[in-house]
Each structure stands twice: as structure tokens, then as C-alpha cells.
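Below: the structure, in C-alpha cells.
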Amino acid sequence: MIAHLQGKLVEKNPTEVVIDCGGVGYHVNISLHTFSLIPNADFIKLYTHLQIKEDAHTLFGFVEKSEREIFRMLLSVSGIGANIARTMLSSIEPRQIINAIASGDVGIIQSIKGIGNKTAQRVILDLKEKVLKLYDLDEVSVVQNNTNRDEALSALEVLGFIRKTSEKVVEKIVKEDPEATVETIIKKALKSL
């Protein structure tokens, strides 16, 4: 119904913004990813998703159309509501969610607050085919890209580091340098842990 909003940015918080469009202030829920991409300008444009329930009409806004598409895909999964989908997009980058789904990496999805093992598996089961087709990903290449990350995580676990803490550090390293070797990932992670 409302495809996008373009107007004056009145309020900006990590979870929500208020955009004045022709004298009407729209309260829009956003993810931390979108918050980080909102320019420091008076006028902004957000792509929106309107959720209509019997007790509320809620707008969700995204700087990137691709993030909105991922949000909508996540909503199609049983057990994932708008708030959990927004938490997912706030916890890890949209690209990481796509890669985790494509490679069947339950661990990354389960590391998000509010997502249990069954829900993580359901996300992958329901969306894997769609993600591989939509983003034209090759299942094998995605899995190969995660091998170094997985080996580094296993090594850090053996060294006595807690997996959840290690995952966050390793994800950041892999995001900055996708071609990093296992040794490089471990060395950088040890400096941060």
C-alpha cells in the first residue's frame, strides 16, 4: 500500500524514525542496518513495508530495497514475525543472512537473539531454494567460502574460547576480508578476544 516515504527527517533513533511527508509525520520502525545507512541529511527516502493487524498498522522502513525483500522473505517463514525479522536484520548484515540461508548455516541464524534451533532450521528449509534462485548463488561456492570461518571457529573453541563470542569476532573479520586464510582469521580473532 505504501511503497516508500520521502520527506523531512524529524526524529532518528536506532530503532525508529519519524519522517514528515507534506505535514504528516510517519513513525517508521527500522533495523540497525538501515539506521547505519541513513544519511546525515534533512530529507530522506525509505522503502517501506506496511504491516496491518487488527490492533495496529505498523510501518517498517529500509534504505535498501534488497533489505526490504529479505525482510519480506523472513516474514513468510512460520514463527518469524516482524519484530524477529527486524532483530535479525539488526544483528547481522542482510548479505550474511542470505549467505547463511544459502549455505545452510544454522549456527549463524541461531546466534540471533530470539531464534532457536527449530526456527533457524525452518528459515533455512523454507528459504534456501528461493534464496539460491533469487540471488543466483551457487550452493557449493557459498559453502566453500565458509570453510575457513568454520575451521577458525573450531580452532578457537579448542583453544577455550566461547563459541558465541568467537562467532561475532570471526564474522567481523570475514566480512572485512572474505579471502582471509584460517591462520589469518585465528590470529586476528586472538587479538580481539
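The values are calculated or read from the model by the stated rules, or taken from the named source; none is laboratory data. Because the structure is predicted, anything quoted here is derived from the model rather than measured. Every residue, glycine as well, gets a Cβ built from its backbone with ideal geometry; the counts of neighbours run over all protein chains shown. Quick note on the areas: whole protein, heavy atoms, side chains included, nothing else; ligands and nucleic acids left out. Shrake-Rupley method; radii C 1.70, N 1.55, O 1.52, S 1.80 Å.
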Nearest 10, in degrees from 0 to 90: the angle of helix 65-75 to the longest Cα principal axis of the chain is 80
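Could you work out how much longer the chain between His27 and Gln121 gets when fully extended? Use 0.36 nm per residue separation minus the Cα distance between them, nm to one decimal.
Numbers: separation 94, 0.36 × 94 = 33.84 nm, distance 3.30 nm.
Roughly 30.5 nm would be gained on extension.
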Quick one: which of 120-130, 52-62, 95-105, 160-170 comes out on top by average Cβ neighbours within 10 Å, and what's the full order, highest first? 95-105, 120-130, 160-170, 52-62
Overall dimensions of region 83-193 as given by Cα atoms, namely Rg and Dmax in Å: 13.8, 39
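How high is the relative contact order of the chain, in percent, counting Cα pairs under 8 Å that sit 6 or more residues apart?
On the way: 258 pairs, mean separation 23.7, N = 193.
The normalised contact order for the chain reaches 12 percent.
Based on a Kirkwood Rh over C-alpha pairs, give the Stokes-Einstein translational diffusion coefficient of the chain at 10 °C and viscosity 1.306 mPa s in µm²/s. Please list the in-between numbers first.
On the way: Rh = 18.0 Å.
It comes out at roughly 88 µm²/s.
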Using a 7 Å offset from the Cα along the Cα-to-Cβ direction at both Asp177 and Leu193, what is the distance between the two label points in nm, to one decimal? 1.7
Give me the base-10 log of I(q)/I(0) for region 1-75 at each q in 0.17, 0.26, 0.28 Å⁻¹, Debye formula, one uniform scatterer per Cα, rounded to two decimals. -0.58, -1.33, -1.49
Degrees separating the helix 182-192 axis from the principal Cα axis of the chain, which is the longest one: 60
Taking Cα atoms, how many degrees apart are the long axis of helix 94-103 and the longest axis of the chain, rounded to 10 and kept between 0 and 90? 50
Go ahead and run the numbers for FRET between Ser66 and Ala41, Cβ-Cβ distance against an R0 of 30 Å, rounding to 0.05. 0.90
Portion, in percent, of the accessible area of the chain that falls on carbon or sulfur, probe 1.4 Å: 52
